[in-house]
There are 2 protein chains.
Amino acid sequence: MKKYFGVDVGGTNIKIGVVSEKGKIIEKIKYSTTKDRPDDTTFINHFIEVMGSEIKRYPEIDKIGIGLPGMLSEDRKKILNLPNIPNLGGRKFYKELQNAFSDKKFKLENDANAAALGEYNFGSGKMPETFLFITLGTGVGSGLIFKKKIFNGGKGNALELGHILSEDGKVLESHIGKKGIMRMTLNILQEHPESEINDLKSFRPKDVALAGLEGDIVGIKVFQKVGELLGKALVTTLRLLDINDIYVGGGLSAGLKIVEPELRKVLNQHLPEYYTEDLNIKKASLGNNAGILGAASLCIED
Amino acid sequence: MKKYFGVDVGGTNIKIGVVSEKGKIIEKIKYSTTKDRPDDTTFINHFIEVMGSEIKRYPEIDKIGIGLPGMLSEDRKKILNLPNIPNLGGRKFYKELQNAFSDKKFKLENDANAAALGEYNFGSGKMPETFLFITLGTGVGSGLIFKKKIFNGGKGNALELGHILSEDGKVLESHIGKKGIMRMTLNILQEHPESEINDLKSFRPKDVALAGLEGDIVGIKVFQKVGELLGKALVTTLRLLDINDIYVGGGLSAGLKIVEPELRKVLNQHLPEYYTEDLNIKKASLGNNAGILGAASLCIED
């Protein structure tokens with residue numbers, strides 16, 4: 001069976017997966033993103049080193065898909081801006097990889113786009129040919145699969161849903177990304193000293209979602225607010241893209257059961273039935289492996 | 001030279017143009033949209049009658065493009081919703097036309113999309129292959145030409161820019177469409193009794209724009225606000241579609257010289273340079289003929 005490397009580059013880790021063409025993960029290897037943070041100028045050398053050691057272990061794999069957390073040039077050869085690895089901005093990553101491994105074929109893509117394509121190719125159930133993919137996690141990312149392919153927009157970097165304007169002149173991600181959710185939780189906790197979240201020594205946004213699913217009032221309120229703000233963002237997104245299927249992934253999609261009713265309330269309030277009556281909102285199926293599987297799916301030929 | 005009919009259906013008039021394949025208007029004929037308003041159930045019969053009489057005059061024309069002010073089914077055969085001709089919702093307009101004129105070929109499209117395609121095919125200067133087209137008039141419409149073709153989104157009705165959320169929970173069009181501009185003008189006039197707009201017996205939004213261009217404070221303030229609100233809508237639109245070229249048409253594009261600096265101020269405030277540094281904003285070139293020329297351009301084969 002044909003195998004690909006699917007490489008998920010994050011601010012903290014480089015995850016390299018060996019993935020079958022059917023989307024089965026054969027092996028997962030994790031490296032830290034840079035050896036000597038915060039000096040990230042070494043990233044490319046470091047990446048070539050770790051990639052090289054995996055290539056040696058799997059010499060038969062000739063295609064390598066890489067998901068990157070930021071903007072790429074339209075031809076997917078140059079990194080424009082990676083907020084978590086700033087010094088990579090402007091680097092001709094594709095060429096440097098090709099020089100290092102001339103007999104391999106590389107495909108670079110924005111990580112949310114890659115995850116969307118991974119869901120399209122490897123997601124459970126029959127996937128629609130066009131859908132919006134949203135990832136709720138540290139940040140808020142999104143991608144559009146349009147007629148079976150990644151939609152890159154006019155210049156290559158469409159679907160930056162996390163950066164559209166939301167309340168108080170701030171972008172959506174600053175409200176419902178990890179930091180926003182922590183801030184919101186601390187605020188709402190003050191009104192609800194009875195919340196069981198107070199019993200936790202420390203907590204992450206996902207714990208807030210899980211508490212909400214168990215009936216905790218603070219967890220519920222926080223993720224209802226996420227639903228409201230995401231709903232308003234989707235009113236605009238649906239008006240511009242006219243999409244019928246939405247998949248929600250990322251760690252905070254754990255809260256989707258609380259998010260969705262509130263989100264639909266906002267959509268019903270601001271959109272005619274045409275947009276809402278058949279609208280499907282589903283939890284993405286690839287979970288923690290979305291990054292690796294998405295990157296590997298870049299290697300599948302049209 | 002090959003000729004097409006380009007038909008622009010509005011709430012008030014049906015404009016039928018005889019248009020050369022190069023975009024020259026050979027003749028323009030205007031009919032009222034319905035004979036017996038407000039009973040608009042007669043529209044299709046009336047349309048077939050007036051179309052028939054023009055077809056008789058130009059029997060050699062075999063392709064007819066029609067721009068309609070509302071939503072169509074994805075296959076462009078059924079009218080879903082025309083706010084100005086409500087009873088047409090659900091009618092199989094394409095089939096009724098084809099039954100009446102079986103030897104002619106019809107192409108139906110949303111009017112803003114058609115105008116965008118008209119600008120692409122017949123606009124002055126070299127047109128980019130991907131651009132956002134915005135029409136500022138009675139309503140606020142938009143269309144996206146994406147890689148030389150109309151982008152219809154997932155279900156056929158993308159780019160409803162006038163209906164995205166703007167200030168005060170209202171949609172953009174309710175602020176900067178004709179009615180919104182009239183309301184805004186009357187409000188701002190109260191603060192500025194010296195405005196020359198007060199000297200007009202009556203005025204339309206376009207007069208406000210023209211007064212602004214001549215230095216009238218109320219005209220300037222109104223269209224600066226249009227720029228601000230349109231700018232915020234475009235922050236989101238650019239984040240989702242990543243477009244580098246914007247063409248603005250419609251009667252109120254007369255105010256673009258006042259709108260654009262304010263709009264760019266908002267874009268620069270909320271977007272990184274990537275989106276703004278090479279962004280072109282231009283006035284569309286087809287003016288009052290955009291509807292007819294856009295509809296005719298639907299007949300051009302790929």
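Principal axis extents for the protein assembly as shown, Cα atoms only, whole Å, descending order, please.
76, 56, 43
Using only the Cα atoms of segment B:247-302, build the gyration tensor, take square roots of its eigenvalues as a ≥ b ≥ c, and label the shape rounded, prolate or oblate: rounded if a/c is under 1.5, else prolate if a/b is larger than b/c, else oblate.
Verdict is oblate for segment B:247-302.
I'd like to know which of B:S195, B:G215, B:I176 lies farthest towards the positive end of the charge dipole of segment B:127-284, counting +1 on Cβ of Lys and Arg and -1 on Cβ of Asp and Glu.
Looking along the dipole axis, the top candidate is B:I176.
If you find the alpha carbon centre of segment B:126-178 and of segment A:79-122, how far apart are they in angstrom?
If we compute the Cα centre of each part, the gap is 32 Å.
Measuring nothing but label to label, 7 Å from Cα along Cα→Cβ, what are A:E96's distances to the other copies in nm, shortest first?
Ordered by increasing distance: 6.3 nm.
Using alpha carbon centroids, what distance separates segment A:269-302 and segment B:1-31, in Å?
The distance from the Cα centre of segment A:269-302 to that of segment B:1-31 comes to 42 Å.
Quick one: label points 7 angstrom along Cα→Cβ at A:N187, distances to the other copies in nm, smallest first?
So the distances to the same position in the other copies read 2.5 nm.
Scanning chain B for GluC sites (Glu not before Pro) in DSSP loops with at most 12 other Cβ atoms within 10 Å, what's the longest stretch left with none?
Counting only loop sites that pass the neighbour cut-off, the longest clear stretch is B:61-128.
Return the FRET efficiency for the residue pair B:N280, A:E194: r is the Cβ-Cβ distance, R0 is 41 Å, and the value is rounded to the nearest 0.05.
0.15
Would you work out the charge dipole size for the protein assembly as shown about its Cα centre, treating the Cβ of every Lys and Arg as +1 and the Cβ of every Asp and Glu as -1, and quote it to the nearest 20 debye?
Here the size comes out at about 1300 debye.
Defining a contact as two alpha carbons under 8 Å apart and six or more residues distant in sequence, what relative contact order in percent does chain B show?
21 percent
Please state the shape class of segment B:170-302: rounded when a/c is under 1.5, otherwise prolate if a/b exceeds b/c and oblate if not, all from the C-alpha gyration tensor.
Oblate shape, in that a/c is at least 1.5 and b/c is the bigger or equal ratio.
With +1 assigned to the C-beta of every Lys and Arg and -1 to the C-beta of every Asp and Glu, and no other charges, what is the dipole magnitude of chain B about the Cα centre in debye, to the nearest 20?
The calculated dipole for chain B is roughly 860 debye.
Assume the label is 7 Å from Cα along Cα to beta carbon: what separations in nm does B:D75 have to the matching positions in the other copies?
Values, ascending and in nm: 4.2.
Using the membrane-span-like helix rule (whole DSSP H runs, Cα extent along the own axis of at least 18 Å, mean Kyte-Doolittle hydropathy at least -0.5), which helices of chain B qualify?
B:43-57, B:178-191, B:217-241, B:256-270
Once R0 is set to 45 Å, what does the formula 1/(1 + (r/R0)^6) return for the Cβ-Cβ distance between B:N87 and B:D168, expressed as a FRET efficiency to the nearest 0.05?
Efficiency, rounded to the nearest 0.05: 0.90.
Residue by residue, what Karplus-based ³J(HN,Hα) values in Hz, rounded to whole numbers, does segment B:139-153 have, using 6.51, -1.76 and 1.60 with θ = phi - 60° and x for Gly and Pro?
Running phi through 6.51 cos²θ - 1.76 cosθ + 1.60 with θ = phi - 60° gives x, 10, x, 7, x, 10, 8, 10, 6, 6, 10, 5, 8, 9, x Hz.
Could you please rank B:V9, A:V50, B:V171, placing first whichever residue has the fewest other Cβ atoms within 10 Å of its Cβ?
Ranking B:V9, A:V50, B:V171 by Cβ neighbours within 10 Å, fewest first, gives A:V50, B:V171, B:V9.
Would you calculate, for chain A, the mean residue ellipticity at 222 nm contributed by helices, counting each DSSP H stretch of 4 or more residues as -39,500 (n - 2.57) and dividing by all residues, to the nearest 500?
Taking each H run of at least 4 residues, the total per residue is -11500 deg cm²/dmol.
For A:E214 and A:R183 in one chain, what is 0.36 nm times their gap in residues minus the Cα-Cα distance, to one decimal in nm?
9.1 nm
Enumerate the amide H contacts of B:K282 below 5 Å, restricted to partners 5 or more residues apart or on another chain; note that Pro and chain-start residues carry no placed amide H.
B:I246, B:Y247, B:V248
Please give the length that would be gained between B:K147 and B:T42 if that part of the chain were fully extended, namely 0.36 nm times their separation in residues minus their C-alpha to C-alpha distance (nm, one decimal).
Using 0.36 nm per residue and subtracting the Cα-Cα distance, I get 33.9 nm.
So who's got an amide H within less than 5 Å of the one on A:I243, skipping anything under 5 residues away but keeping other chains? H placed 1.01 Å off N, in plane.
Under 5 Å from the amide H of A:I243: B:G154.
Bear in mind that the values in this text are calculations on the coordinates, not laboratory data. What you are looking at is a predicted structure, and each value in this text was computed from that prediction instead of being measured. Quick reminder, even Gly has a Cβ in these numbers, built from the backbone with ideal geometry, and neighbours come from all protein chains shown.
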